[in-house]
Amino acid sequence: MDKILDMMKKAGRNAFRTSEYAALLGKSGYARLALHRLKVKCQIIPIKNGWWAFPDAMPEAIASEVSKPCYISFHSALFLHGLTSQTPRKVQVAVTRKTKTYNIQGTHRFEIKEYKIKKVGFNKFYRKDGIMLAIPAKALADALTLPRTCPEIVLKEVLGNMDISDLTMIESLIHMSAAKIRLKRLIKYVRKNRTD
């Protein structure tokens, strides 16, 4: 494997820009040719214009690099935590800037959908296997705050799988009153179904 790719892999990078590779190589004119040769050897794959990824990289790890600064949240994070069996159709990330939607090419074709959250709410996430991932309570709080990010059937399944003691933490993470009302309604539904 190429020395620069090896360095990036050891650093925990799953995707990188052509310009980053060129800066590490020190020969900007030769970088494109070197990347093309690495692509032919199947050591990297092109994912979008000017971006490359390792073939074994998870879509969520690629999304964490392409949408930086961000973290995986909403339905995507709830699925990664094993709180729902419903697979999300796209990788959903939380950002504090203007949002974009990316179609990623390569081994796995998928879509990255960014959702804007307030800077005060950009917290409660950690790095795991190259993925910036929201903790379960934060992912649920984000999904409640932005209703179209997660179907209600998924929210009910997640609440059914979560420990009730986590619900006070979830409520403290929600800053909008409409989301708090929605959470209370879902908790009432879950408690009713747990006693039946």
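The values are calculated or read from the model by the stated rules, or taken from the named source; none is laboratory data. Note that the structure is predicted; figures quoted are calculated from it, not measured. Every residue, glycine among them, receives a Cβ derived from its backbone with ideal geometry; neighbour counts consider all protein chains shown.
Observations on the model:
- Of all the criteria given as (1) surrounded by fewer than 21 Cβ atoms within 10 Å (Cβ to Cβ); (2) within 15 Å of R17 (Cβ to Cβ); (3) touching a residue at least 60 places away in the same chain (Cβ under 8 Å), the one not satisfied by M58 is (2).
- Single condition K113 does not satisfy, out of (1) under 30 Å from K39 (Cα atoms); (2) at pLDDT below 90: (2)
- Flag if I153 is among the β-branched types (V, I, T) and surrounded by fewer than 18 Cβ atoms within 10 Å (Cβ to Cβ): yes
- Subset of the stretch 121-159 that is acidic (D, E) and out of contact with any Cys (no Cβ under 9 Å at 6 or more places or on another chain) - its residue that is modelled with the highest pLDDT: E157
- Within the stretch 67-93, the only residue that satisfies the criterion of being touching a Cys at 6+ places or on another chain (Cβ under 8 Å) and within 20 Å of A57 (Cβ to Cβ) is V93.
Yes/no matrix, rows are residues, columns are (1) in contact with a helix residue (DSSP H, G or I) (Cβ under 9 Å, 6 or more places away or on another chain); (2) on the phi > 0 side of the Ramachandran plot; (3) among the acidic types (D, E):
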site: D6; (1), (2), (3): no, no, yes
site: S28; (1), (2), (3): yes, no, no
site: L38; (1), (2), (3): yes, no, no
site: K48; (1), (2), (3): yes, no, no
site: P55; (1), (2), (3): no, no, no
site: S64; (1), (2), (3): no, no, no
site: I72; (1), (2), (3): yes, no, no
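- Scanning the stretch 105-149 for residues that are within 16 Å of P88 (Cα to Cα), of a type outside the set (D, E, K, R) and exposed (fewer than 14 other Cβ atoms within 10 Å of the Cβ) turns up just one, P147.
- Screening the candidates I44, I117 for the property of being aliphatic (A, V, I, L, M), touching a residue at least 24 places away in the same chain (Cβ under 8 Å) and more than 21 Å from A143 (Cβ to Cβ) yields one hit, I44.
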